[in-house]
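To start, the structure itself, in structure tokens.
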Amino acid sequence: MKPDFEQFKDLPGTTIFTIEKGREGFQLNEFCMSLRKEENRRRFLADERSYLDEWEMTEDQKQAVLTRDFQKMLDNGGNVYFLSKIFAAEGLSYVQAVSTMTDMNVEQYQAMMLAGGRNVEGWRSKKERDVA
Amino acid sequence: MAKITAGVATSHVPAVGAAIDMGRTEDDYWKPMFQGYEFSKSWIKTNNPDVAIIVYNDHASYFGMEIMPTFAIGVAESFEVCDEGYGPRPVPSVEGAPELATHLAASLILDDFDLTVLNVLEVDHGLTVPLSLMYGTPDKWPSKVIPLAVNVVMYPQPSGERCLSLGKAIRRAVEEFDEDLNVQIWGTGGMSHQIQGARAGLINLPWDQKFMDDLVDQPEVLQYKPHLEYMREAGSEGVELIMWLIMRGALGDKVDEVHRFNHVPASNTSVGHLILTPQGGNA
Ligand SMILES: [Fe+2]
């Protein structure tokens, strides 16, 4: 069967992690995996730039990590389960980190979740959402 | 003869594990969710399996992108608990069932399901949170476990059809094992959730409930649901629900619904839980 990676581009506000993305983000995700070790978490937090320079990541990927721009990390091949190691190192929860990718602050995001979450209506496709 | 006596489906939200580990299950936020599992905790006391086959996914905890198996089975004597970045969960390590697992691995490979064989595996919240939900906080888990890891993180995930038929093959393989064992199969993950991008926080409870209805009554209609539909309707991480199809396939054609529970939200996620038993013995 011929793979169709383009089909996911129609999902608004969503980056699907594909086998292609996995190749693009390999070094970024490898760096994230290294943070499973407490010793590496300490070393990373003590001097982020030098720790990142130990990895063959692109400068865009490094900048995205340094500025905690999770959307930019996704755009550059990161996957959220890998990226979670970065915010876990700082003791942040998924809700705290994930909310930064939305147009809400964490309180607003938590209130939305308590009220039943984001309604799918209007978010099924870029066409439905009316964005390019 | 070994026999699959029940199936359990449950979400495996990491924050649920954290709530248990930090003693927050009585908090206003968490209490209604944990109440939905009270029935299950007493049910499993009288229906405890010798072995639970736990279908789950690793969340970049043990498998990185160096090696990403589509299906992998743990055949070891025991499995340690991963450090997912916050330090390992303070839960017991997991005892394996090497003989049944080895039989399953061989049988399934001969049936054309090309499973990766794992003699070493550390398990993450995908596997330990369901254990905590069903068993609480014992010093030792009351059943042995066969971890069955499925790639749901990287597209292409296995198809629904493949998952349902893997479940059916697991049922046959279990029944061909000579030792008398009470075996359950647990399908974990889901339900609707998205933890990335501007669309994060998506929940679709009506879709989740329809998925549960179909899973119980007509799983064959679910097998052709494309990955894109899970992602569109149930969020990018909602695609984890394909793992429930493996569980369902292992229960035979007709099932009885013993327990059902839904709760929104747990962290970013719609929690769903089912206990099903096969109808008509070994059909
Ligand atoms: Fe998961």
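With respect to A:Asp53, determine if the residue is open to solvent by 70 Å² or more (accessible area, probe 1.4 Å) and either within 17 Å of B:Gly197 (Cβ to Cβ) or within 16 Å of the chain's Cα centre (by Cα) (or both).
Details: open to solvent by 70 Å² or more (accessible area, probe 1.4 Å): yes; either within 17 Å of B:Gly197 (Cβ to Cβ) or within 16 Å of the chain's Cα centre (by Cα) (or both): no.
Against the criterion (open to solvent by 70 Å² or more (accessible area, probe 1.4 Å) and either within 17 Å of B:Gly197 (Cβ to Cβ) or within 16 Å of the chain's Cα centre (by Cα) (or both)), A:Asp53 does not qualify.
Of all the residues that make up region A:1-26, how many are without any contact (Cβ under 8 Å) to a residue 12 or more places away in the chain, out of contact with any strand residue (DSSP E or B) (no Cβ under 9 Å at 6 or more places or on another chain) and facing another protein chain (nearest Cβ under 7 Å)?
The qualifying residues number 1.
List the pairs whose first member sits in region A:33-62 and is more than 23 Å from B:Met68 (Cα to Cα), whose second member is of a type in the set (D, E, K, R), and whose Cβ atoms are under 7 Å apart, counting only residues at least 6 apart or on separate chains?
These pairs meet every condition: A:Tyr51/A:Arg43; A:Leu52/A:Lys62.
Look at A:Phe17 and say whether it is aromatic (Phe, Trp, Tyr) and over 20 Å from A:Phe87 (Cβ atoms). Don't jump to the end; show me each part of the working.
Values: aromatic (Phe, Trp, Tyr): yes; over 20 Å from A:Phe87 (Cβ atoms): no.
The answer is no for A:Phe17.
Every residue in region B:49-75 that is charged (D, E, K, R) and crowded, with 24+ Cβ neighbours inside 10 Å, please.
So in region B:49-75, the residues charged (D, E, K, R) come out as B:50, B:58, B:66.
Once the filter is applied, which keeps residues that are charged (D, E, K, R) and crowded, with 24+ Cβ neighbours inside 10 Å, region B:49-75 yields only B:Asp58.
Pairs, please: C-beta under 9 Å, at least 6 apart or cross-chain, first residue farther than 30 Å from B:Trp30 by Cα and in region A:108-132, second surrounded by fewer than 14 Cβ atoms within 10 Å (Cβ to Cβ) and charged (D, E, K, R)?
Between residues of region A:108-132 that are farther than 30 Å from B:Trp30 by Cα and residues that are surrounded by fewer than 14 Cβ atoms within 10 Å (Cβ to Cβ) and charged (D, E, K, R), the close pairs are A:Lys126/A:Lys9; A:Glu128/A:Glu121.
B:Asp83: open to solvent by 10 Å² or more (accessible area, probe 1.4 Å), more than 13 Å from chain A (Cβ to nearest Cβ) and in contact with a Lys or Arg (Cβ under 7 Å, 6 or more places away or on another chain), yes or no?
Numbers: open to solvent by 10 Å² or more (accessible area, probe 1.4 Å): yes; more than 13 Å from chain A (Cβ to nearest Cβ): no; in contact with a Lys or Arg (Cβ under 7 Å, 6 or more places away or on another chain): yes.
For B:Asp83, the condition - open to solvent by 10 Å² or more (accessible area, probe 1.4 Å), more than 13 Å from chain A (Cβ to nearest Cβ) and in contact with a Lys or Arg (Cβ under 7 Å, 6 or more places away or on another chain) - is not met.
Please go through region B:28-45 and pick out each residue that is open to solvent by 40 Å² or more (accessible area, probe 1.4 Å) and away from chain A (no Cβ under 13 Å).
Going through region B:28-45, the residues open to solvent by 40 Å² or more (accessible area, probe 1.4 Å) turn out to be B:28-29, B:31-32, B:35, B:38-39, B:41-42, B:45.
Result: B:Lys31, B:Gln35, B:Glu38, B:Phe39, B:Lys41, B:Ser42, B:Lys45.
Which numbered condition in (1) within 14 Å of another protein chain (Cβ to nearest Cβ); (2) closer than 25 Å to B:Leu251 by Cα; (3) touching a Pro at 6+ places or on another chain (Cβ under 8 Å); (4) in a loop (DSSP other than H, G, I, E, B) is the only one that B:Asn48 fails?
With respect to (1) within 14 Å of another protein chain (Cβ to nearest Cβ); (2) closer than 25 Å to B:Leu251 by Cα; (3) touching a Pro at 6+ places or on another chain (Cβ under 8 Å); (4) in a loop (DSSP other than H, G, I, E, B), B:Asn48 is out only on (1).
Does region B:20-30 contain any residue that is touching a Ser or Thr at 6+ places or on another chain (Cβ under 7 Å) and either aliphatic (A, V, I, L, M) or within 16 Å of the ligand (Cβ to nearest atom) (or both)?
The initial filter retains those residues of region B:20-30 that are touching a Ser or Thr at 6+ places or on another chain (Cβ under 7 Å), namely B:20.
Subset that is either aliphatic (A, V, I, L, M) or within 16 Å of the ligand (Cβ to nearest atom) (or both): B:20.
Checking region B:20-30: at least one residue is touching a Ser or Thr at 6+ places or on another chain (Cβ under 7 Å) and either aliphatic (A, V, I, L, M) or within 16 Å of the ligand (Cβ to nearest atom) (or both).
With in contact with a helix residue (DSSP H, G or I) (Cβ under 9 Å, 6 or more places away or on another chain), assigned to a loop (DSSP other than H, G, I, E, B), within 13 Å of chain B (Cβ to nearest Cβ) and surrounded by fewer than 22 Cβ atoms within 10 Å (Cβ to Cβ) as the only criterion, which of A:Met104, A:Met33 stands out? So that I can check it myself, show each step before the final result.
Details: A:Met33 fails: assigned to a loop (DSSP other than H, G, I, E, B).
Sole residue among the options that is in contact with a helix residue (DSSP H, G or I) (Cβ under 9 Å, 6 or more places away or on another chain), assigned to a loop (DSSP other than H, G, I, E, B), within 13 Å of chain B (Cβ to nearest Cβ) and surrounded by fewer than 22 Cβ atoms within 10 Å (Cβ to Cβ): A:Met104.
So, of the residues in region B:226-239 that are open to solvent by 40 Å² or more (accessible area, probe 1.4 Å) and either closer than 27 Å to B:Lys254 by Cβ or within 16 Å of the ligand (Cβ to nearest atom) (or both), which turns out to be farthest from the other protein chains (Cβ to nearest Cβ)? Even if it seems obvious, please write down each step before you answer.
Step one: list which residues in region B:226-239 are open to solvent by 40 Å² or more (accessible area, probe 1.4 Å), which gives B:226, B:229, B:232.
Among the residues that remain, those that are also either closer than 27 Å to B:Lys254 by Cβ or within 16 Å of the ligand (Cβ to nearest atom) (or both) are: B:226, B:229.
Details: B:Pro226: 9, B:Glu229: 10 Å.
Looking at the filtered set, the residue picked out is B:Glu229.
Of these, A:Ala88, A:Ala111, which one is of a type in the set (Gly, Ala, Ser), over 20 Å from A:Thr15 (Cα atoms) and facing another protein chain (nearest Cβ under 7 Å)?
Result of the check over A:Ala88, A:Ala111: A:Ala88.
Looking for whichever is open to solvent by less than 10 Å² (accessible area, probe 1.4 Å), of a type in the set (Gly, Ala, Ser), in contact with a Lys or Arg (Cβ under 8 Å, 6 or more places away or on another chain) and away from the ligand (no atom under 16 Å from the Cβ) here; the options are B:Ala250, B:Ala200. Which one fits? Write out each step before concluding.
On the way: B:Ala200 fails: away from the ligand (no atom under 16 Å from the Cβ).
The match here is B:Ala250.
The values are calculated or read from the model by the stated rules, or taken from the named source; none is laboratory data. Everything numeric in this text was worked out from a predicted model, so none of it was measured. Cβ: placed from backbone, ideal geometry, glycine included. Neighbour counts: every protein chain shown. Side chains are part of the model used for accessible areas, which takes the heavy atoms of the whole protein and leaves out ligands, DNA and RNA. Shrake-Rupley method; radii C 1.70, N 1.55, O 1.52, S 1.80 Å.
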